[in-house]
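What follows is one structure encoded as structure tokens, with my remarks underneath.
The values are calculated or read from the model by the stated rules, or taken from the named source; none is laboratory data. These numbers come from a predicted model, not from an experiment. All Cβ positions, glycine included, derive from the backbone under ideal geometry; neighbour counts span all protein chains shown. Please note that ligands, DNA and RNA were not included when accessible areas were found on the heavy atoms of the full protein model with its side chains. Shrake-Rupley method; radii C 1.70, N 1.55, O 1.52, S 1.80 Å.
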Amino acid sequence: MSDRSRTNQLLYQAELLATSANADDEHAVARGMAQEEGALALFELALTSLLREVTEHARLTQHDWRYLLSEEGPAMAELQRLRDLAHHPDSWLNWLVGQLDKLHSSEGVAKRRASQPGMIAVGDQASLREQLQTHLESAKREVAALRETSQEW
């Protein structure tokens, strides 16, 4: 399988997990949390695959996203574009990096929703599942743009 195909497959699988319906049983909340964290983990694998894809011509020995997106990473136009995106507070990549830091922590990223009487729900706060769906769509658009730029060279 090519890097491009693998990136597409991982983005698709992450999207499937982020959009799958929960069963209504005693394990529904735990299942939903597992699906959210699973989708996020697949999103991380897709990021790594994307970085392999856009740097394949450089024959890099290391493809860790933390290294490639850091200032110490190789000086390549595609990577700089992604570094800039990672620093933009409203970007999918900035969101993803923050969520991956949480995912790799002992706290995890998926949280049980408090459903206690008397609690006020915040209406504008999107669930992790909704955020995943939004940022996966943005990532797919960015992947397409990166591929287009790469083909021009």
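Assuming Gln62 fulfils every condition listed in (1) outside any helix (DSSP H, G or I); (2) in contact (Cβ under 8 Å) with a residue 24 or more places away in the chain apart from one, which condition is it? All conditions pass for Gln62, except number (2). Within the range 103-138, if we keep just the residues that are touching a Leu at 6+ places or on another chain (Cβ under 7 Å) and at pLDDT 85 or above, the residue that is surrounded by the most Cβ atoms within 10 Å (Cβ to Cβ) turns out to be Leu132. Screening the candidates Arg81, Arg66 for the property of being open to solvent by 40 Å² or more (accessible area, probe 1.4 Å) and farther than 18 Å from Arg141 by Cα yields one hit, Arg66. Entry remark, the range 1-41: residues being closer than 18 Å to Asp101 by Cβ and in contact with a Phe, Trp or Tyr (Cβ under 9 Å, 6 or more places away or on another chain) number 1 in total.
Could you list, in sequence order, all residues of the range 18-28 that are surrounded by fewer than 17 Cβ atoms within 10 Å (Cβ to Cβ) and not in a loop (DSSP other than H, G, I, E, B)?
Taking the range 18-28 and keeping what is surrounded by fewer than 17 Cβ atoms within 10 Å (Cβ to Cβ), we get 19-28.
Selection gives Thr19, Ala28.
Residues of the range 29-37 include at least one that is under 22 Å from Gly108 (Cα atoms), at pLDDT below 90, open to solvent by less than 20 Å² (accessible area, probe 1.4 Å) and in a helix (DSSP H, G or I).
Would you be able to say whether some residue in the range 53-60 is surrounded by fewer than 20 Cβ atoms within 10 Å (Cβ to Cβ), at pLDDT 85 or above and touching a His at 6+ places or on another chain (Cβ under 7 Å)? So far as the range 53-60 goes, no, none of its residues is surrounded by fewer than 20 Cβ atoms within 10 Å (Cβ to Cβ), at pLDDT 85 or above and touching a His at 6+ places or on another chain (Cβ under 7 Å).
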